[in-house]
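To start, the structure itself, in structure tokens.
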Amino acid sequence: MSMIIDLNNFASGAVAEKFNIELQKVLENIADPNTDSKKARKVTLVVTLKPNDKRNLANVSVEAKSSIAPPQPIGADLLIDMDKNGRVTGAELKSGIPGQMYVDDNGEVLDDKGRMTEEEKPKATDGKVVNFK
């Protein structure tokens with residue numbers, strides 16, 4: 001079968017350009033670690049031909065589309081409690097278990113919501129050495 005149209009040159013190269021733009025989107029989506037690596041992606045070229053009444057000329061429209069993988073959902077646990085005014089409130093659970101304290105990356109002891117505990121809060125000093133031996 002002989003080639004009717006070279007898509008690289010069709011519409012002054014615009015078809016190939018549209019395809020490459022959509023392919024770039026797909027490749028960036030594949031490289032994104034926040035997307036599912038196993039999900040298939042697609043690049044679709046839709047070629048629409050609309051003939052005239054004499055059927056000797058067709059208006060051609062080429063559309064390029066891509067189907068990419070959505071970002072993976074992010075999970076977190078939310079502690080539900082009451083504030084001092086009796087309204088329902090929430091805070092992200094940082095420790096893994098409600099009520100459990102933990103040590104953060106900086107070595108600070110924090111409560112289950114990631115806040116400094118009373119014994120860990122730094123004491124205000126005036127910058128003078130105290131109790132130097």
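The values are calculated or read from the model by the stated rules, or taken from the named source; none is laboratory data. Nothing here was measured: the structure is a model prediction, and the numbers come from that model. Positions of Cβ are backbone-derived with ideal geometry, glycine not excepted, and every protein chain shown enters the neighbour counts.
Data table
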{"quantity": "All positions within region 36-57 that are in contact with a strand residue (DSSP E or B) (Cβ under 8 Å, 6 or more places away or on another chain) and farther than 23 Å from residue 18 by Cβ", "calculated": "52"}
{"quantity": "Boolean, residue 60 is at pLDDT 90 or above, under 23 Å from residue 21 (Cα atoms) and either touching a Cys at 6+ places or on another chain (Cβ under 9 Å) or among the β-branched types (Val, Ile, Thr) (or both)", "calculated": "yes"}
{"quantity": "Scan of region 91-109 for residues that are closer than 15 Å to residue 75 by Cα, part of a strand (DSSP E or B) and of a type outside the set (Asp, Glu), ordered by number", "calculated": "91"}
{"quantity": "Some residue of region 67-75 being under 30 Å from residue 116 (Cβ atoms) and either in a loop (DSSP other than H, G, I, E, B) or in contact with a helix residue (DSSP H, G or I) (Cβ under 9 Å, 6 or more places away or on another chain) (or both)", "calculated": "yes"}
{"quantity": "Hits in region 70-88 - residues which are surrounded by fewer than 12 Cβ atoms within 10 Å (Cβ to Cβ), in contact with an Asp or Glu (Cβ under 8 Å, 6 or more places away or on another chain) and polar (S, T, N, Q)", "calculated": "none"}
